[in-house]
Amino acid sequence: SDSQFEYQTVGDITDSSSTCLDGLIGSTPALCKELTPPPKSRTVRIGSGSCASFRVLLRYIYSGSVVPTTDVSTTVLRSDGSSNLAKSSSYATSLPELTARQCVELSSFGRRYMLDELVREAGQMLRETMTASEVVPALLLCQMEGADDDAQIVFEWAVEHYDAVIFELQRGVSANRLGGHLPQTSALCESDLQALIDQLRAGMLRSRYGL
């Protein structure tokens, strides 16, 4: 993505005493450099990705996970009727609400800054958030970012959900023939859509019937 946006820093991100500095940033010089604002400024301009995916990147930097956690304390009731507050535990809450495209952006951030665990988590999120209408946009972004692993995830998901995906692709083909287009498939011409349909069909036959 070539979108640009800004975010405000809190404190000096290069200062090891700052709450903004996490061990992950310290071990990733490229990320630390990009997140450091110019002199006399607290604004950093990011030239790729979306605000949503970048927010999740920052969450990962600060917490070590893209999934927010909450601390839960458990009260233990003793046999004599008294109670004791047990050690609190952290439980994962819901996943961030990202589109499939934004999951690919998050994975690209992980590769750019050499955050392997972030790439893994983003790939898992991609599997869980993918929809039939997002297959084409996600594949195109994977191609643009050189994200072969993410493209494989999208393709495998599309094969697994073959009927729903083919329905969307065929709608795109029909719209093109009528001189119109659908937003989710408008980036591909009719021949490209048909080629993708053929590839998915071959993948489906291998997956379901071993052909």
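The values are calculated or read from the model by the stated rules, or taken from the named source; none is laboratory data. Just so it is clear, the structure is predicted and the values come from calculations on it, not from any experiment. Neighbour counts are summed over all protein chains in view; Cβ atoms, including those assigned to glycine, are modelled from backbone coordinates with ideal geometry. Only protein heavy atoms, including side chains, enter the accessible area calculation; ligands, DNA and RNA are left aside. Shrake-Rupley method; radii C 1.70, N 1.55, O 1.52, S 1.80 Å.
Which residue pairs have Cβ atoms closer than 7 Å, lie 6 or more positions apart in sequence or on different chains, and pair a first residue in region 189-204 that is over 19 Å from R177 (Cβ atoms) with a second residue that is assigned to a helix (DSSP H, G or I) and open to solvent by less than 20 Å² (accessible area, probe 1.4 Å)?
L200/A158; L200/V159; L200/V165; L200/I166; G203/V159; M204/V159
May I ask you to list the residues in region 98-138 that are modelled with pLDDT of 95 or more and assigned to a loop (DSSP other than H, G, I, E, B)?
Across region 98-138, the qualifying residues are M130, T131.
So, of the residues in region 85-97 that are in a loop (DSSP other than H, G, I, E, B) and hydroxyl-bearing (S, T, Y), which turns out to be modelled with the lowest pLDDT?
Going through the qualifying residues, I end up with S88.
In region 150-165, which residues are loosely packed, with under 14 Cβ neighbours inside 10 Å and closer than 15 Å to S107 by Cα?
Q152
Inspect region 99-113 for any residue being in contact with a Ser or Thr (Cβ under 6 Å, 6 or more places away or on another chain) and open to solvent by 20 Å² or more (accessible area, probe 1.4 Å) and give the result as yes or no.
yes
Which one of the conditions (1) under 19 Å from F54 (Cβ atoms); (2) assigned to a helix (DSSP H, G or I) does D163 fail to meet, given that it meets all the rest?
Every listed condition holds for D163 apart from (1).
Within region 175-190, restricting attention to residues that are open to solvent by 60 Å² or more (accessible area, probe 1.4 Å) and part of a helix (DSSP H, G or I), which residue is nearest to P137 (Cα to Cα)?
E190
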